[in-house]
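Visitor: Below: one structure in structure tokens.
The values are calculated or read from the model by the stated rules, or taken from the named source; none is laboratory data. Fair warning: this is a prediction, and the values are worked out from it, not measured in the lab. No Cβ is skipped: glycine too gets one built from the backbone with ideal geometry, and neighbour counts run over all protein chains shown. Accessible surface is based on the protein model in full, side chains and every heavy atom, while ligands, DNA and RNA are left aside. Shrake-Rupley method; radii C 1.70, N 1.55, O 1.52, S 1.80 Å.
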Amino acid sequence: MNKLASKIKPKSGFSHVLHLGLTALLPILLYVLVRIEFVQLAAALVILSKWRMFAVRPRYWPANIRANAVDIMVGLSVVVFMSTTSVGLWQLVWAFAYGLWLVFLKPGSSVLLVSLQAVVAQLTALMALFLLWGDAPLIVLVAASWSVCYLCARHFFTNFDEPYNSLYSHVWGYFAAALVWVVGHWLLFYGVLAQPTLLLVVIGYGLAAIYYLEHTDRLTDMWRQQFIIMMVIIVAIVLTFSDWGDKAI
């Protein structure tokens, strides 16, 4: 299996360069498909690009899907972002950003890069969720938010060999679902950011930063207090000045 994986995804040499070239071709294909209004085909192409998930016995599929969830979420989110604008320049910007993700960020395996993968995936997936399905039934938004936050948390905690990975991930997913249930009854948007997305971004990234610094023995009491105070202030501002939202559903 390792030999097969090394052939499919080479680590060095000309084959590695060719693999990167083919990987970088995916954003271009997505851009072309969205421009000619084949959005569903572009989304299907993102899924098909992960065919390696199913190149093993079916019992390994759930684990492979969890491992590749952040990549799939980012790819599908990019398709949503490109399809919700008719400006070709912005579509190119999203395609270029996706190329950076595929070539530079996604292959990373360090603690910092894997943490950034989870951070980016949660942000883009929640943005796309509320942009595309903002008027969907609340139960759909709650379930989707739980799934996104749970999978991103699982990806984040795999960095640290956390023994309570599953528990912490479920707690974060439940918190996200509960928050969306509360604020989703009157959904506000700040530009392209829905209020639940903004709140989950602030709280989630603050907690992730504290956990990361704690794990790397760089967290001091002063840093912890600053992170907590900043989170509280930003959340209070968002909830207090809800009339800043320019769209309600």
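Visitor: Could you calculate the contour length gain from residue 190 to residue 44, that is, 0.36 nm times the residue separation minus the distance between their Cα atoms, to one decimal place in nm?
Guide: 49.6 nm
Visitor: Can you give the net charge of the other residues whose Cβ lies under 14 Å from the Cβ of residue 27, counting K and R as +1 and D and E as -1?
Guide: For residues surrounding residue 27, the net value is +1.
Visitor: Continuing with the same structure: Could you compute the net charge surrounding residue 74? Neighbours are other residues with a C-beta less than 13 Å from the C-beta of residue 74; K and R count +1, D and E count -1.
Guide: +1
Visitor: How much accessible area per residue does the chain have, counting only protein heavy atoms and a probe of 1.4 Å, in square angstrom?
Guide: 57
Visitor: Using a simple spin-label model with points 7 Å from Cα along the Cα→Cβ vector, what separation in nm is obtained for residue 228 and residue 36?
Guide: If labels sit at residue 228 and residue 36, their model points lie 5.7 nm apart.
Visitor: Rounded to the nearest 500, what is the chain's calculated 222 nm mean residue ellipticity when only DSSP H runs of at least 4 contribute -39500 (n - 2.57) each, over all residues?
Guide: Computed ellipticity for the chain at 222 nm equals -24500 deg cm²/dmol.
Visitor: Also: Of all the accessible heavy-atom surface of the chain, with the other protein chains kept in place and a 1.4 Å probe, what percent is carbon and sulfur?
Guide: On the chain, the fraction of accessible area on carbon and sulfur atoms equals 71 percent.
Visitor: Any idea what the relative contact order of the chain is, in percent, if you count C-alpha pairs under 8 Å spaced at least 6 apart?
Guide: 15
Visitor: Taking the mean number of other Cβ atoms within 10 Å as a proxy for protection, how do you rank 146-155, 217-226, 76-85 from highest to lowest?
Guide: Sorting 146-155, 217-226, 76-85 by mean packing, highest first, produces 146-155, 76-85, 217-226.
Visitor: Under a plain spin-label model, where a point goes 7 Å from the Cα along Cα-to-Cβ, how far apart in nm are residue 158 and residue 140?
Guide: Here the answer is 2.9 nm between the modelled labels.
Visitor: Assign one of three labels to the range 90-195, namely rounded, prolate or oblate, based on the Cα gyration tensor with a ≥ b ≥ c the square roots of its eigenvalues; rounded applies when a/c is under 1.5, prolate when it is not and a/b is larger than b/c, and oblate otherwise.
Guide: oblate
Visitor: Moving on. I'm spelling it out carefully: the read-out is Cα Rg over 2.2 N^0.38 Å, the candidates are (1) 1.06; (2) 0.92; (3) 1.02, and one was derived from this structure. Which label?
Guide: Among (1) 1.06; (2) 0.92; (3) 1.02, the one calculated here is (1).
Visitor: Specify the residue with the greatest mean-square fluctuation among 190, 174, 98, computed from a Gaussian network of the chain linking alpha-carbon atoms under 10 Å apart.
Guide: For the chain, modelled as a Gaussian network with Cα springs under 10 Å, the answer is 190.
Visitor: If each residue of separation counts as 0.36 nm, what is the full-extension length gain between residue 92 and residue 66 once their alpha-carbon separation is subtracted?
Guide: Taking residue 92 through residue 66 to full extension adds about 6.5 nm, to one decimal.
Visitor: Using 1/(1 + (r/R0)^6) with R0 = 35 angstrom and r between the beta carbons of residue 59 and residue 24, what's the FRET efficiency to the nearest 0.05?
Guide: With a Förster radius of 35 Å, E is 0.60.
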